[in-house]
Amino acid sequence: MSKTPKLLMVLNVLSLILVLVGYYLALFYAPTEKVMGDVQRVFYFHVATAWVGMVGFILAAVFSAIYLIKKDMKWDMLGLASVEISLVFFFITIVLGSIWARPAWGTWWTWEPRLTTAAILEMIYLAYLLLRQGIEDPEQRARFGAVYTLLGGLSVPMTLLSIRLFRTIHPVVIGGGGSETMGMTDSMLFVMFYSIIAFTVLFVTLFWHRIRLGIYQEKVERLKSEIYN
Amino acid sequence: MEDTPNTLNYMYLGFTVFTVVMGIYIYSFYSRWKNLRQQETSLQELNK
């Protein structure tokens, strides 16, 4: 397998620095929220991981659509990479939200619209990974994956809009208005947007690594079929 | 005016969860890469 490209090495270092600075800003720079206290600091990572997760799921739907048009396996690989990384980020989003909910709402979990749609979204894509493993033929697997991801992509706007469409106790972070808004100061907003940028760079870095891993996996699979067939 | 609640432990838990989950995921890249390299080496030897 080819050496790690220089740009990827730069991205590795950049991601590490950006995330470490993100920790610093969330833990020390952002002011303590008066109503919720220090637990509110996890909010910055909660929002940023949610953003990255959702963008990744949408990207996967786009790659799937391109695969169905072009029938080129590389788009399937991109879709799979996107889903896998987004699943990890979105899992963190749900857990951080739950940790935040405990002192804020008095419960770890409640079946309100945003939490329910988020849990369904995570399970849809978890099932995607499991179901893929059950299909032997690569082209059939890619076709199934593409259709599934396209349909699964519909749950992303549903999750995103759930706090606006239904009555919910989940706060509206941006453009909400009214009593549910977070009432964030400028420094809080700065940390939130910084975290979103830092995690987007981290996503790009992980995405590149995952694609390289996929290419290597394909190479080994080819070698295996050459020997055994 | 109510005092700000002490929710420091939840904050620690949150950042720990993030660090551990992300750490495990990044380690999985290394582990999967290492497995593939081992497989490739043994397949190449078998092919000789």
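The values are calculated or read from the model by the stated rules, or taken from the named source; none is laboratory data. Note that this is a predicted model, so its numbers are computed, not measured. Reconstructed Cβ throughout: ideal geometry from the backbone, glycine too, with neighbour counts over all protein chains shown.
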Can you go through B:M11, B:M22 and tell me which one is touching an Asp or Glu at 6+ places or on another chain (Cβ under 9 Å), surrounded by 13 or more Cβ atoms within 10 Å (Cβ to Cβ) and within 30 Å of A:P31 (Cα to Cα)?
B:M11
Within region A:128-165, work out how many residues are in contact (Cβ under 8 Å) with a residue 12 or more places away in the chain, hydrophobic (A, V, I, L, M, F, W, C) and either in contact with a Cys (Cβ under 8 Å, 6 or more places away or on another chain) or under 24 Å from A:I92 (Cβ atoms) (or both).
6
Considering region A:1-11, residues that are surrounded by fewer than 17 Cβ atoms within 10 Å (Cβ to Cβ) and touching a helix residue (DSSP H, G or I) at 6+ places or on another chain (Cβ under 9 Å), and then whichever is nearest to A:E218 (Cα to Cα), we arrive at A:M1
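Does region A:103-131 hold any residues that are buried (at least 17 other Cβ atoms within 10 Å of the Cβ) and in a helix (DSSP H, G or I), and which are they? Please lay out each step first, then the result.
Of region A:103-131, the ones buried (at least 17 other Cβ atoms within 10 Å of the Cβ) are A:103-104, A:112-115, A:117-118, A:121-122, A:124-125, A:128.
Across region A:103-131, the qualifying residues are A:P103, A:A104, A:P113, A:R114, A:L115, A:T117, A:A118, A:L121, A:E122, A:I124, A:Y125, A:Y128.
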For residues in region A:32-62 being over 17 Å from A:P157 (Cα atoms) and of a type in the set (F, W, Y), which is nearest to the chain's Cα centre (by Cα)?
A:F45
Looking only at region A:139-175, how many residues end up being polar (S, T, N, Q) and at pLDDT 90 or above?
2
Any chance region A:31-39 includes a residue that's more than 9 Å from chain B (Cβ to nearest Cβ), surrounded by 20 or more Cβ atoms within 10 Å (Cβ to Cβ) and in contact with a helix residue (DSSP H, G or I) (Cβ under 7 Å, 6 or more places away or on another chain)?
no
